[in-house]
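We did not get these values from a lab; they are worked out from the coordinates using the rules stated. What you are looking at is a predicted structure, and each value in this text was computed from that prediction instead of being measured. Cβ sites come from the backbone with ideal geometry, for glycine too, and all protein chains shown count toward neighbours.
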Amino acid sequence: MSASSPLVRTPTPRELRQDLLLAGALLLGGIISAGLTSVAGFYGDEQAPLWTALLFVLGVTAPLALRRRWPALVAVFIAVLFFVSVSLRAPEVYVINIAMFIAIYTVGAWMNNRRAALWVRVGIIVGMFIWLIAVMYREVLTGADEADVTAGAFSPVLAYMMIQVLINALYFGGAYYFGERSWTAAQQLIALEERTRELEHEREVTAAQAVALDRVRIARELHDVVAHHVSVMGVQAGAARLVVDQDPARAKTMMAAVEESSREAIGDFRRLLETLRAHDDEHDDSAAALTLTDIEHLVQASRDAGLPTAYTVIGEPVAVPSTVAVNLYRIAQEALTNARRHAGSGATADVRVRYDADAVELEVLNSGRVISAPRAGLGQIGMRERALASGGTIELLPRPQGGFRVRVTVPLTTASPATSATRSPVVAR
């Protein structure tokens, strides 16, 4: 339930059955109470006949069966019968008082129109106190000629009046208070149930998002592995086919490279499947073993596939988080794969890893044909996702002179010098 949604209480069939049982129990108790009160002569000579008490008992208990459906009407009706019963000295006061208390309580606990609930209770309580004061005033005037009335501030009559006021204040105040508490508790329960539903919905959404993120991650990993290895194997197999007749030895070397690429592809697939099958606490992602120094192996594989590729490390190498290292490695892999597929014959590539004081940068440049309108395929989408996942930024732009440029910059907040890193700059060609 939102803060702007009012509480609307509607009795359930079970609650309505409980009200019916309550009315029946009070009716039985009222009959017994009326009989005993009549025998005891509660009102003395002014006491009304027993049958009047039985009628009033039926009148105040029967409406309680409908108290949650029409709380205001039931409360006003019982209040009127209460006033008439006491005024006529009907020999029953206990069950009628209980019925009045329940009726006032029900108005506070179940009446959805809170302004009307306030006025109904205030009207009944104020009316009862006015009537009580009038009755006590009449009794004071009736016994004014008795000495104990004027005996002082602590005369028996005055003490009796104060007790009556106190009892009625506690009686009506309790009915009002407990009714309000019941309404507040219902509000809190509804709010709790609504919050529970919201949390359950959020949990379902979070689970769905987690599944979607896993699917994206799996698709990205599969794309990177397949695109890289298949591209290398395709280029090497094509080159071997062209030179097999003129230079069988060279063709054999190329086919050996194809064989090695296939083994690497199978190894990558196996590690990916192991990661998917294992629980997080049982198996770490094997791709996390990749580091930025492994980019040099990508460069060598790119050279072996026929794309002349330079490799440069600029700055003092520092340790980077494993996730950042894996993402930069995969971005370099995808960029070199795209260069082999789209740059054309005679193209070259240049891979640069730059370490700054607070960031690490990867730049992959390639020459080749001029690209007028680059198409954002799955590879570029994956590179952007990896850059964002590392907390960095990425540029994917065609070069005016031909070719393409990929540049990723990732901030490093806790980078420390790598003890085993080679000092820069290191240039490999």
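For the reader, a short list of remarks on this structure follows.
- With the charge dipole of region 290-429 set up from +1 on Lys and Arg Cβ and -1 on Asp and Glu Cβ about the Cα centre, the Cα lying farthest toward the positive end among the listed residues 321, 365, 297 is that of 365.
- FRET efficiency, residue 369 to residue 195 (Cβ-Cβ, R0 56 Å, nearest 0.05): 0.40
- Mean-position separation - Cα centroids, region 152-201 and region 58-134, in angstrom: 15
- Projected-area average for region 290-429 over all orientations - Cα convex hull basis, square nanometres: 7.8
- Placing +1 on each Lys and Arg Cβ and -1 on each Asp and Glu Cβ, with no other charges, gives region 13-200 a dipole about its Cα centre of roughly 740 debye.
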